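Take a look at the structure below.
Rule-based calculations on the coordinates, nothing more; no lab input. These numbers come from a predicted model, not from an experiment. Here the Cβ is made from the backbone with ideal geometry for all residues, glycine too, and neighbour counts use every protein chain on show.
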C-alpha cells in the first residue's frame with residue numbers, strides 16, 4: 001500500500017505506469033475484486049457526480065430545508081451565459097459545478113463523498129470543467145478519479161479528512177489537493193508535477209477552519225468548495241508551468257495534520273466558533289433550532 | 001501500522017444522501033454496525049452523542065442517519081432521511097442524548113448506541129473519523145466487553161478454542177489478521193479478528209455457513 005506521496009511518485013517512475021494504474025493494481029490486491037468490477041464501480045461514482053452537477057443547476061436549482069443555501073448554481077449559470085466573467089469561463093464553470101454539487105448535498109440529495117460530503121463539490125467541479133476544456137472521454141474521467149483517490153488515500157492515512165479532527169483544510173484542502181494532482185496527470189503532467197500541485201494546493205489552504213453556521217453543512221461549506229476548485233486549477237497550472245512548492249508534499253501533509261490537532265475545538269466542526277459565532281449566525285441558529293438546540297427530539 | 005483508509009472507494013465514495021460524510025454517512029455506518037451485531041429489531045434505542053456529534057447532530061442529520069443504519073439501510077438508501085418516522089411507525093422508542101462530558105472513547109465524532117428488546121441488549125461505541133469511514137472501539141454483547149483497536153473490518157466469532165483454530169486457518173487463506181483478541185464471559189468464549197481487508201460478500205457467507213453466530217463489521221463503501 002502506498003503510504004507516502006514520494007513512494008507513489010517513485011513507483012510511477014520506476015514502473016513507467018500512470019498513477020491511476022498503480023491505484024487500480026493496489027485496489028485489486030487489497031480487495032480481491034476484479035479489475036472490471038473496480039472500474040465499473042468508479043464509473044457508477046462518476047455517474048452520481050454528473051447527476052448532482054446537473055440537478056443543482058437545472059431549472060430553479062435545489063434548495064435546502066433551512067433555506068440557507070440553494071439556487072446559486074443557477075445564478076452562476078445565468079451569469080456565465082452573459083460571457084463577461086472576470087475569472088474566465090473555465091474557472092467559473094468549475095465554480096458552478098462545485099456549488100451545484102454542494103447545494104444538492106445540503107438539500108439532502110445524493111452525492112459521492114470526495115473525500116467527504118462537505119467537500120463533495122470540489123473534485124467533480126474540477127473534473128467536469130476539464131472534461132469540456134480538455135475534451136476528456138469517460139475512460140479518462142474514470143482515470144482522473146483513480147489518480148485523485150491514490151493521492152487522497154495518502155492524505156487520509158497520514159493526516160485525516162474529518163473537519164471535526166482537522167478543520168476544513170482536511171476536507172476542502174484535501175479535496176482541492178486531490179483535484180490538483182489529478183488535473184496535472186490528466187493534462188499530461190508528470191507524477192512529480194502532480195506531487196507539486198498537491199503540495200501547493202494544500203499549502204494554500206493550511207489553517208482553514210471548520211465553522212459551520214448552526215452546525216449545518218451549508219454556510220460556509222458550499223462556497224468553500226468554490227475556493228477549492230479555484231485553488232486546485234491554480235495549483236495544477238502552476239505545477240504544469242514548472243513551479244515547485246519547495247516544501248515536499250509529504251511534509252505538507254504532516255504540517256496539515258499538526259495544524260489540525262492544534263486547532264481549538266470551537267473551530268473543528270462544533271458550530272461554536274468562527275463564522276458560526278457571529279451575531280447573524282447565532283440568530284440563524286435560533287431561528288432554525290430555537291433557543292435550546294439540544295432539547296428538540 | 002494501522003491503516004484506516006484501505007480502499008480507493010473510502011476516498012472516492014461513499015455515494016450517500018447528504019449532508020455530511022462523517023455526521024451522516026459515518027453515523028449510518030455506526031448504526032449499521034449495531035444492526036449487524038443485534039441482528040434483529042430493537043424495541044428501544046438510546047443514542048449518546050459526544051463532542052462534535054453532540055453539538056451538531058441536528059444540523060447534520062445525524063439522528064435519522066444513525067437510525068437508518070440501525071434499521072439496516074445503506075447510506076444512499078432513499079429512505080435514510082425518513083428513518084425516524086419509519087422507526088416510530090414500527091413502534092421503536094428512540095432517545096437522543098447530547099452528552100456534555102468528553103467522549104469515553106476519545107474522539108470528537110462519537111456515538112454510543114444502546115439497543116434492546118425483550119431478549120437481549122447491546123452497547124456499541126463508535127466514532128466517525130471522516131469521509132464516512134468509522135471505527136468501533138467498544139461492544140458489549142452477551143456478557144462480553146469487547147474492546148477493538150477501532151479500524152474495520154472486524155470479525156467476532158463466539159465459540160470454542162477449536163473453532164478459533166479453524167477460523168484462524170480459514171482466514172489465513174483470505175487475508176492477514178492484524179490483531180486478535182480472546183474474551184471470556186462465564187464459560188463462553190469469543191474471538192475477535194481485525195482484518196487487513198474487506199471480505200467479499202461470498203467469503204463472509206461461506207464463513208457464516210459454519211459459524212452462524214459470527215458478526216462481521218465493515219465500512220460502508
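Could you tell me the relative contact order of segment B:99-221? Use alpha-carbon pairs under 8 Å, at least six residues apart, and round to a whole percent. Intermediate values should be presented prior to the final figure.
Numbers: 198 pairs, mean separation 26.3, N = 123.
This gives 21 percent for segment B:99-221.
Suppose R0 equals 45 Å; then what is the FRET efficiency for residue A:287 and residue A:87 from their Cβ-Cβ distance, rounded to the nearest 0.05?
0.85
Once both labels are modelled 7 Å past Cα along the beta-carbon direction, what's the residue B:119-residue B:106 spacing in nm?
Spacing of the two 7 Å Cα→Cβ label points: 3.7 nm.
What is the spin-label model distance, in nm, from residue B:173 to residue B:90 if the labels are put 7 Å beyond Cα along the C-beta direction?
Going from the residue B:173 label point to the residue B:90 one covers 3.6 nm.
Rounded, prolate or oblate for segment B:132-221? Axes are the square roots of the Cα gyration tensor eigenvalues, ordered a ≥ b ≥ c, and the cut-off for rounded is a/c under 1.5.
Values: a/c = 1.67, a/b = 1.12, b/c = 1.49.
It is oblate, given that a/c is not under 1.5 and a/b is not larger than b/c.
For residue B:202 and residue A:247, what is the calculated FRET efficiency with R₀ set at 35 Å and r taken between the beta-carbons, to the nearest 0.05? If you can, show how the numbers build up before the last one.
Working: r = 46 Å, r/R0 = 1.32.
That gives a FRET efficiency of 0.15.
In peptide B:45-56, how many Cβ atoms from other protein chains are near each Cβ within 10 Å, on average? Don't skip to the answer; put the middle values down first.
Numbers: counts 0, 0, 0, 0, 1, 0, 5, 12, 3, 2, 12, 13.
Whole-number average of other-chain Cβ neighbours for B:45-56 is 4.
For helix A:5-15, report the angle its Cα long axis makes with the longest principal axis of the Cα atoms of chain A; keep it between 0 and 90° and round to the nearest 10°.
For A:5-15 against chain A, the angle is about 30 degrees.
Of A:264, A:279, A:18, which has the largest mean-square fluctuation in a 10 Å C-alpha GNM of chain A?
Among A:264, A:279, A:18, the largest mean-square fluctuation in the Gaussian network model of chain A belongs to A:279.
With each label point set 7 Å from Cα along the Cα-Cβ vector, what nm distance links residue A:137 and residue A:262?
Inter-label distance under the simple model: 4.9 nm.
Other chains near B:117-130: what is the mean number of their Cβ atoms within 10 Å of each residue's Cβ?
Values: counts 0, 0, 0, 0, 0, 0, 0, 0, 0, 0, 3, 3, 6, 16.
Per-residue shielding by partner chains comes out at 2.
Taking only Cα atoms and a 10 Å spring cutoff, compute GNM fluctuations for chain A and point out the largest among A:71, A:163, A:215.
Largest GNM mean-square fluctuation: A:215.
Quick check: the angle from helix B:201-210's long axis to the longest principal axis of chain B, C-alpha only, nearest 10 degrees?
60 degrees
Please state the shape class of the protein assembly as shown: rounded when a/c is under 1.5, otherwise prolate if a/b exceeds b/c and oblate if not, all from the C-alpha gyration tensor.
Details: a/c = 1.86, a/b = 1.27, b/c = 1.47.
Judged from the Cα gyration tensor, the protein assembly as shown comes out oblate (a/c at least 1.5, b/c at or above a/b).
Note the angle between two axes, namely the Cα long axis of helix A:279-289 and the longest principal axis of the Cα atoms of chain A, as a number of degrees from 0 to 90, rounded to the nearest 10.
Computed tilt is about 80 degrees.
Once the principal axes of the Cα atoms of segment A:5-289 are found, what is the range along each, listed largest first in whole angstroms?
That gives 58, 43, 40 Å along the principal axes, largest extent first.
I need the calculated FRET efficiency for the pair residue B:162 and residue B:79, taking r as the beta carbon distance and R₀ as 51 Å, to the nearest 0.05.
Values: r = 42 Å, r/R0 = 0.83.
Approximately 0.75, to the nearest 0.05.
From the Cα gyration tensor of segment A:102-156, with a ≥ b ≥ c the square roots of its eigenvalues, which class applies: rounded if a/c is under 1.5, or else prolate if a/b is larger than b/c, or else oblate?
Here segment A:102-156 falls in the oblate category.
Semi-axes of chain B's equivalent ellipsoid from the Cα gyration tensor, sqrt of 5 times each eigenvalue, largest first, rounded to whole Å? Could you put the intermediate results ahead of the total?
Values: eigenvalues 147, 76, 54 Å².
Working from the Cα gyration tensor, I get semi-axes of 27, 20, 16 Å.
Using Cα pairs closer than 8 Å and at least 6 residues apart in sequence, work out the relative contact order for segment B:149-221, in percent. Don't jump to the answer; show the numbers that get you there.
Working: 100 pairs, mean separation 32.8, N = 73.
RCO, segment B:149-221: 45 percent.
At a threshold of 8 angstrom on Cα-Cα distance, excluding pairs fewer than six apart, so keeping six or more, what relative contact order does chain B reach in percent? Can you show the working numbers first?
On the way: 474 pairs, mean separation 49.0, N = 221.
Relative contact order of chain B: 22 percent.
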